[in-house]
Amino acid sequence: MATLIIVESPAKAQTIKGFLGKNYNVKASLGHVRDLPRSRFGIDLENNFEPHYITIRGKGPVLKELRDAAKKADRVLLATDPDREGEAIAWHLASALKVEEDQCRIDFREITKEAVRQSIKKPRAIEQPLVDAQQARRVVDRLVGYQLSPLLWAKVKPGLSAGRVQSVAVKLIVDREREIEAFIEEEYWSVTALLHTNGGEAFEAKLHRKSGKKVELPNEEAARQVEKDVTGQAWTVSDVTKKERRRHPAPPFTTSTLQQEAARKLGFAAKKTMRLAQQLYEGLPMGKLGTLGLITYMRTDATRVSNEAVTEVRGFIKETHGSSYVPSKPRQYASKKGAQEAHEAIRPTSALRTPAEVKQYLSRDQLRLYTLIWERFVASQMSSAVFDAMTVDLKVQDYLFRATGSQLKFPGFLKIYQEGSDSNARKEDDKDRLLPDLQVDEQVLLQKLDLAQHFTQPPARFTEAMLVKTLEEEGIGRPSTYAPIIDTIVARGYVFREEKRFRPTELGVIVTDLLAESFPKLLDVKFTASLEEELDGIEEGDTVWQDVIGEFYGAFAEDLKKAHEELERIEIKDEVSDVLCDKCGRNMVYKLGRYGKFLACPGYPECQNTKPILDEIGIECSLCKREGREGGQLVRRRSRRGRFFYGCSNYPDCTYTSWQLPVAELCPHCGMNLTVRKEGAEPQCSNKECSGGDGK
């Protein structure tokens, strides 16, 4: 029996072809084939929000090829991705190809020979609740996007756009920036005692309490008072606590945690992480083994793992590390509320396929991501790490100082994996520090008292990992949407990255304030999360999707009408600079673009001159000197991806660039500016052609 299998991507089709015989033809739809029209609204408000779908531009030839293949087949199986979006694509394909929806749908969460062949044996009907959930999300986002954008054109400036979830994400970044601007730093001091036992063993203790209460040291005077009170006094051990402490491994990855950890450890943007994960999932050529899918489906919020995968990885751990590294029972992890338990966590399709074995077949970044997924999964089924922990309290006058120490006794899962952190500070547990074997009532000697001044710090701007984590915790968006949300708000010019952290642009602040004033519910985090839950309820079959949209749209339409009538137009006046246009002589003005501010001539469109804003670092360009040009200044610029680099103000005549900070000192070999990787580091030559540079 001739069977046509339709998947979404050519890579996936190629992998599946290798598992099946000559009676199977595998074709790719290249994603969606039908969608709402881009050039018009496409929602019938008078007919219960009926969407009007059309064939996506350019997909006509694809559909013709699929129709021709379907006519030659005895049956058609739709093997699109195992989620809402995939179910909707299957539904559209069934309609376009006139395929009976009753036994046409197959899905698998890993692209392996066994998984594919098993799914073919058990085709099912298309699940309408999943399709409806996707339709509801698509419709509500169209209602917001296509009706808010004209409001922004009328009240701010043409060309702007807004989205339901993206606008909330921008507001999070704007609110954080305002917290930072409003922050008033406060001084405080800490007191650390360097102590010795009578046997000469040294250890540190920090001020903890005074008369049983927390001590506030707002200034140097308060710290000096502590110094005065304890100097020359007897220090006595008042309490010693020793206990064994265990640290358990993190669960295997979900979409959100993978994006966070890849950002922290590998420096990957969410979009890059998902692109690489897609490649690992769909399959890569593995030499004599053929094309294999290396990980399970990468869009998931579940931490469940199949029994077969758990059995395999426990056997691998025992054989590789010994039985002490295998817990007595398999670890089970609780998924967050609302997670799709039919899905699995992101894991290798086989734990036996180690990163070392696949290294030769993968690109550098594919290997780095696969290694992260493999290590996290294997560690998730390993024994806990065991520490010997000790806490010692010391009494001196009315003060209590506390010393803490711990030592790794058994590494367990830490032998192969340790979770990353958003903080630059190392975790206390990471320090292998033991305290002397102290006893209660033992006297110790004060060697030195360190008084240190500190200042409270404002809240940190969001990194990509922090933003993804916040979106997930607040219930904003879903696993498949985190990367597109971030991509969209940067592309629209509402936020930009500075040193890998998000800052709002002036435009982002203006649009956020306008929307927050006119659509308080739409930009409310809790309201957005509750709407997400209602959309999830459609998938469960608990709610009719048109009812959810109707309830939302009634209030939204009222706010929209009111905003058009009452909101005054916001005039964004250009700030005039003291830089003269070198083409017409006018004072140039500051404009806001996709990559931040730039200088433009106010005589547009007659004069279309623009210039970047040059952030000089006070160092002359050595390349200009070497090539006999008038000396340029080295300036900091921003790349198209938002990353800072250093270049010459004489660009494009001078092509000097460096990712690292240039310094005034010149290389004795080539005469170019030396650079430093970070402040305080040793300068070095970054000229790859120099015998004294990195390329030597």
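Observations on the structure shown:
- Among the residues making up the range 283-329, those that are of a type in the set (Gly, Ala, Ser), in contact with a Ser or Thr (Cβ under 9 Å, 6 or more places away or on another chain) and not in a loop (DSSP other than H, G, I, E, B) are 309, 324.
- Hits in the range 164-195 (condition: open to solvent by 10 Å² or more (accessible area, probe 1.4 Å) and either within 30 Å of residue 236 (Cα to Cα) or assigned to a loop (DSSP other than H, G, I, E, B) (or both)): 183, 184, 185, 186, 188, 189, 190, 192, 194
- Qualifying residue in the range 211-222 (condition: farther than 26 Å from residue 460 by Cβ, open to solvent by 60 Å² or more (accessible area, probe 1.4 Å) and touching an Asp or Glu at 6+ places or on another chain (Cβ under 7 Å)): yes
- When residues of the range 538-585 are limited to those that are part of a loop (DSSP other than H, G, I, E, B) and β-branched (Val, Ile, Thr), the one surrounded by the most Cβ atoms within 10 Å (Cβ to Cβ): 543
- Flag for residue 31 being at pLDDT below 95, open to solvent by 40 Å² or more (accessible area, probe 1.4 Å) and within 15 Å of residue 96 (Cβ to Cβ): no
- Close pairs (7 angstrom Cβ cut-off, 6 or more residues apart or separate chains): over 14 Å from residue 391 (Cα atoms) and of a type in the set (A, V, I, L, M) in the range 234-252, assigned to a loop (DSSP other than H, G, I, E, B) and open to solvent by 70 Å² or more (accessible area, probe 1.4 Å) anywhere: 250/419
- Residue tally, condition among the acidic types (Asp, Glu), part of a helix (DSSP H, G or I) and open to solvent by less than 30 Å² (accessible area, probe 1.4 Å), over the range 79-102: 1
- The lone exception for residue 286 - which of (1) of a type outside the set (S, T, N, Q); (2) open to solvent by 10 Å² or more (accessible area, probe 1.4 Å); (3) farther than 26 Å from residue 385 by Cβ it fails: (2)
- Boolean, residue 190 is of a type in the set (S, T, N, Q), modelled with pLDDT of 95 or more, in contact with a strand residue (DSSP E or B) (Cβ under 6 Å, 6 or more places away or on another chain) and over 30 Å from residue 569 (Cβ atoms): yes
- Residues of the range 253-265 satisfying the condition of being touching a residue at least 40 places away in the same chain (Cβ under 8 Å) and open to solvent by 30 Å² or more (accessible area, probe 1.4 Å): 264, 265
- Any chance residue 140 is in a helix (DSSP H, G or I) and out of contact with any Leu (no Cβ under 6 Å at 6 or more places or on another chain): yes
The values are calculated or read from the model by the stated rules, or taken from the named source; none is laboratory data. Everything quoted here is computed from the prediction, not taken from an experiment. Glycine gets a Cβ as well: all are built from the backbone with ideal geometry, and neighbour counts include every protein chain shown. To get the accessible areas, we keep the full protein, side chains included, count just its heavy atoms, and leave off ligands, DNA and RNA. Shrake-Rupley method; radii C 1.70, N 1.55, O 1.52, S 1.80 Å.
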